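Some notes on the structure that comes next.
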Amino acid sequence: MEFGFGVGDEEFRAEVRAWLGAHVDGDLDRRGWERILGKAGWIGLSWGETGFGNRAASLTQQVVWAEEYARSGAPARSGHIGENLLAPTLLAHGTDEQRARFLPPVAAGEELWCQGYSEPGAGSDLAGVSTKAERAADGTYRITGQKIWTSLAHEADWCFVLARTEAGSVRHHGLSFLLVPMDQPGRIEVRPIRQLTGTSEFNEVFFDGAHARAEHLVGAEGAGWGVAMSLLGFERGVSTLAQQIGFARELERVVRAAVDSGAVADPVVRERLVRQWAELRVMRWNALRTLGSSGDAGAPSVAKLLWGGWHQRLGELAMLVRGAAAGVGPVEWSAAAPYELDAAQHLFMFSRADTIYGGSDQIQRTIIAERVLGLPREPKGVV
């Protein structure tokens, strides 16, 4: 099964490959790179003919762009949350004024966004959020609470926040979707979270009376759950195919390490390597099968289950093929560099979280059981 790329798509591929080849280098800072992408019109390809500073691309061209971007070795995107999550949400639920205010800066790579969803007591169970947003006399909202695992919060200009605007409300009721500026000293604090890898891709964000303007409420007050769920539907789409390009590269490095170490002579190792390759092909076919479809409540959960477990097993395999050498860091220990990892060790450590973040495996299986298979809902409040 292969996706139906036409002559026009291959011409587009040649254009993309040539542009990336001319502009990708090792000295690009991430925010500057977003501006370069925006100036060339590469941000917002999936928005359609909106006219907000973007060029429209067909679904197949979006796939081409995602695949070629992954192959080029271009920097990790800082603007993908604004482009792929916020923008489609505003196109579906925002006002004309909100779209006119926020989409052009995203398309230009000028404003970066982060996602204020998860909390210490509400991770995969998002309906348990307790962050409060109270309406003040002047019409603005005052936000108090804590978000966690907030990617790119240390770089972001804005955050879309799911908060409870109805006092005493529980679960899915009384939540609102607010657009909040991050530059509020004394009202918003961002603290990096040090991970197993020694790096800090995620953050805690503390809101202490942070302001959000009334006109930056997306959808009706108290109707934020529907907006939030709509956004999550945009989270797994064309980008899944680009992710798989990266996975293929990681698998190639693991195979090479198995050959170099001699581990490939072990039939069990060979079987696991072949299984990883075959499962990656299945993931691609599944992504192509569901691409552009709507109304399949289980498709995002199936995709998350497939790639989360696959990537975690790849990290384990990366350590297995290296044997005892996997336990040794790439440089001698020093006070200046006490926690150095090579690429394979980073893969192993980081992939431990793959089956947790973005909705744990348990949550994904519950969604499939209840919403797709029609099984009885899980009892609440049972210890």
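The values are calculated or read from the model by the stated rules, or taken from the named source; none is laboratory data. Just so it is clear, the model here is predicted, and its values are computed rather than measured. Backbone-built Cβ (ideal geometry, glycine too); neighbour counts: all protein chains shown. The area values use the complete protein model at the heavy-atom level, side chains included, leaving out ligands, DNA and RNA. Shrake-Rupley method; radii C 1.70, N 1.55, O 1.52, S 1.80 Å.
If you go through the range 118-143 and keep only what is of a type outside the set (A, V, I, L, M, F, W, C) and out of contact with any Lys or Arg (no Cβ under 7 Å at 6 or more places or on another chain), you end up with 120, 121, 123, 124, 125, 128, 135, 138, 139, 142.
Here the range 315-359 is the region considered, the condition is being among the polar types (S, T, N, Q) and under 20 Å from residue 247 (Cα atoms), and the residue that is farthest from the chain's Cα centre (by Cα) is 345. The set of residues from the range 335-359 being modelled with pLDDT of 80 or more and farther than 30 Å from residue 126 by Cβ comprises 340, 341, 342, 343, 344, 345.
I'd like to know if the range 197-211 contains one or more residues that are touching a helix residue (DSSP H, G or I) at 6+ places or on another chain (Cβ under 9 Å) and of a type in the set (D, E, K, R).
Scanning the range 197-211, I find at least one residue that is touching a helix residue (DSSP H, G or I) at 6+ places or on another chain (Cβ under 9 Å) and of a type in the set (D, E, K, R), so the answer is yes.
Among the residues of the range 72-82, the one identified as touching a helix residue (DSSP H, G or I) at 6+ places or on another chain (Cβ under 6 Å), open to solvent by 10 Å² or more (accessible area, probe 1.4 Å) and assigned to a helix (DSSP H, G or I) is 72.
Being among the hydrophobic types (A, V, I, L, M, F, W, C), closer than 21 Å to residue 356 by Cβ and modelled with pLDDT of 95 or more is a condition met by no residue of the range 197-204.
Considering every residue within the range 137-150, establish whether at least one is of a type in the set (Asp, Glu) and touching a residue at least 12 places away in the same chain (Cβ under 8 Å).
As a first pass, look at the range 137-150 and keep what is of a type in the set (Asp, Glu): 138.
Then drop every residue that is not touching a residue at least 12 places away in the same chain (Cβ under 8 Å), which leaves none.
No, the conditions are met nowhere in the range 137-150.
Could you list, in sequence order, all residues of the range 6-35 that are outside any helix (DSSP H, G or I), open to solvent by less than 60 Å² (accessible area, probe 1.4 Å) and not β-branched (Val, Ile, Thr)? I'd like the intermediate steps shown before the answer.
Taking the range 6-35 first, the residues outside any helix (DSSP H, G or I) are 6, 24-29.
So of that shortlist, the ones also open to solvent by less than 60 Å² (accessible area, probe 1.4 Å) come out as 6, 24, 28.
6, 28 - these are the residues of the range 6-35 that are outside any helix (DSSP H, G or I), open to solvent by less than 60 Å² (accessible area, probe 1.4 Å) and not β-branched (Val, Ile, Thr).
When the range 297-312 is filtered for residues that are within 24 Å of residue 346 (Cβ to Cβ) and of a type outside the set (Phe, Trp, Tyr), the ones remaining, listed by number, are 303, 304, 305, 306, 308, 309, 311, 312.
When only residues in the range 362-383 that are open to solvent by less than 70 Å² (accessible area, probe 1.4 Å) and touching an Asp or Glu at 6+ places or on another chain (Cβ under 9 Å) count, which is farthest from residue 327 (Cα to Cα)?
First, pick out the residues of the range 362-383 that are open to solvent by less than 70 Å² (accessible area, probe 1.4 Å): 363-364, 366-370, 374.
Still in the list and also touching an Asp or Glu at 6+ places or on another chain (Cβ under 9 Å): 363, 366, 369-370.
Values: 363: 33, 366: 37, 369: 40, 370: 42 Å.
Only one residue tops the list, namely 370.
Among all residue pairs at least 6 apart or on different chains, which show Cβ distances below 6 Å where the first residue, located in the range 362-379, is among the hydrophobic types (A, V, I, L, M, F, W, C) and the second is open to solvent by 60 Å² or more (accessible area, probe 1.4 Å)? If the second residue must be open to solvent by 60 Å² or more (accessible area, probe 1.4 Å), the pairs left are 369/375. Only one of these conditions is not met by residue 67: (1) of a type in the set (D, E, K, R); (2) open to solvent by 10 Å² or more (accessible area, probe 1.4 Å); (3) over 24 Å from residue 204 (Cα atoms). Which number is it? Tallying (1) of a type in the set (D, E, K, R); (2) open to solvent by 10 Å² or more (accessible area, probe 1.4 Å); (3) over 24 Å from residue 204 (Cα atoms), residue 67 fails exactly one: (2).
Looking for something at pLDDT 85 or above and farther than 14 Å from residue 108 by Cα - is there at least one such residue anywhere in the range 35-46? Yes, because at least one residue in the range 35-46 is at pLDDT 85 or above and farther than 14 Å from residue 108 by Cα. Within the set 67, 83, 49, the sole residue that is within 26 Å of residue 147 (Cβ to Cβ) and among the acidic types (Asp, Glu) turns out to be 83.
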